[in-house]
Amino acid sequence: MERITTVRALQQRADAERLAGRRIALVPTMGALHAGHLALVDEARRRAQFVVVSIFVNPAQFNSTTDLAAYPRPLEADLAACVARGVDAVFLPTADELYPTGYQTWVEVTELAKPLCGASRPGHFRGVATVVAKLLVAAKPHFAVFGAKDFQQLALIRRLTRDLGLDVEIVGHETVRERDGLAMSSRNVHLTSETRVQALALSRALGAAQRAIDAGERSRTALEARVASEIARSPLAKIDYAELRDPESLALAPERLTTDTLLALAVFFPKAGGDVVRLIDNAVLHVPKEN
Ligand code: PAF
């Protein structure tokens with residue numbers, strides 16, 4: 001497996017692959033790879049002969065220096081996981097390589113970045129959009145694969161590539177879950193045995209909302225209350241947001257649901273040492289058409 005550290009070297013590698021008629025797939029990550037990331041790698045492999053995984057903890061998308069410092073960085077284990085999965089190249093840029101002195105160009109997706117994680121993490125999506133644009137320019141992939149757990153991020157990246165006319169297909173991959181339903185996340189390492197159990201509140205709430213719809217509930221307010229009460233069954237959980245929104249525009253859903261609707265959740269749990277870990281999860285709830 002090749003290790004590439006500069007944009008120039010990755011571009012030259014990509015040019016050679018393209019010249020040889022090989023298809024390139026990029027899996028952008030911040031490392032701390034888990035089975036969810038490896039499913040993205042497998043998806044990349046199904047589509048391309050040259051699979052690149054980027055591992056870069058992007059400072060521009062963190063709005064707290066403690067969160068950035070606490071982000072797990074198990075590089076050797078990540079590299080071993082990539083080798084085992086048959087990754088062709090890992091891109092490991094330094095922060096200086098992507099944001100050299102004098103750097104001043106930012107990519108902003110305006111509307112889709114406003115609600116949900118954009119509201120609670122100001123500047124986060126500007127950092128995501130910018131680094132993803134830079135990674136696409138560096139790796140020149142035919143495909144870039146992202147997990148659907150970060151639903152808003154995926155929507156925003158699709159918009160960004162359409163708006164900028166980037167010649168890449170964005171592939172979304174369904175959320176990979178632990179056996180008991182917890183969505184896989186690099187942040188799960190911060191859960192204690194107690195909060196690990198309580199973190200099931202998120203997937204439980206998604207299931208409860210779908211069941212309520214299946215039983216005939218269509219009121220947004222009633223469904224949001226149902227979700228809040230399900231999450232309250234985990235007493236250490238504190239809701240950041242729990243909202244029903246349009247899956248395309250991310251606009252707030254109407255009071256009476258008539259079409260498939262996104263339920264997006266972000267919930268805080270206490271971390272050892274007094275800090276908090278924030279977990280997200282989501283599902284597009286199926287709302288049967290009315291006759
Ligand atoms: O989803 C992530 O891990 C990050 O936001 C991404 C897409 C790699 C950009 O840093």
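Simple point charges give the picture: +1 on the Cβ of Lys and Arg, -1 on the Cβ of Asp and Glu, and for the chain a dipole about the Cα centre of about 200 debye. For the chain, the share of DSSP beta bridges that are antiparallel, to the nearest 5, is 50%.
Per-residue ellipticity at 222 nm, computed for the chain from helices alone with -39500 (n - 2.57) per DSSP H run of at least four residues, works out to -11500 deg cm²/dmol.
Computed over the range 1-101, the quotient of the alpha carbon radius of gyration and 2.2 N^0.38 Å is 1.10.
Put simply, the convex hull of the Cα atoms in the range 42-161 casts, on average, a shadow of 8.0 nm². Here the Debye sum runs over all C-alpha atoms of the range 111-233 as equal scatterers in vacuum, and log10 of I(q)/I(0) at q = 0.19, 0.23 Å⁻¹ comes out as -1.16, -1.30.
Among the trypsin sites (Lys or Arg not before Pro) found in the range 188-291, those both in a DSSP coil and sparsely packed, with 12 or fewer other Cβ atoms within 10 Å of their Cβ, are K289. Between R23 and R196, the C-beta separation translates, for a Förster distance of 30 Å, into a calculated FRET efficiency of about 0.15.
For V53, the solvent-accessible surface with a 1.4 Å probe is about 0 Å², rounded to the nearest 10.
Taking Cβ atoms as reference points and 11 Å as the exclusive limit, the residues near D180 contribute a net charge of +3, counting Lys and Arg as +1 and Asp and Glu as -1. Among the GluC sites (Glu not before Pro) in the range 24-111, those located in a DSSP loop and surrounded by at most 14 other Cβ atoms within 10 Å of their own Cβ are E108, E111.
The values are calculated or read from the model by the stated rules, or taken from the named source; none is laboratory data. This structure is a prediction, so every number in the text was calculated from the model and none was measured. Counting neighbours? That spans all protein chains shown, and the Cβs are built from the backbone with ideal geometry, glycine included. Ligands, DNA and RNA are excluded from the accessible area calculation, which covers all protein heavy atoms including side chains. Shrake-Rupley method; radii C 1.70, N 1.55, O 1.52, S 1.80 Å.
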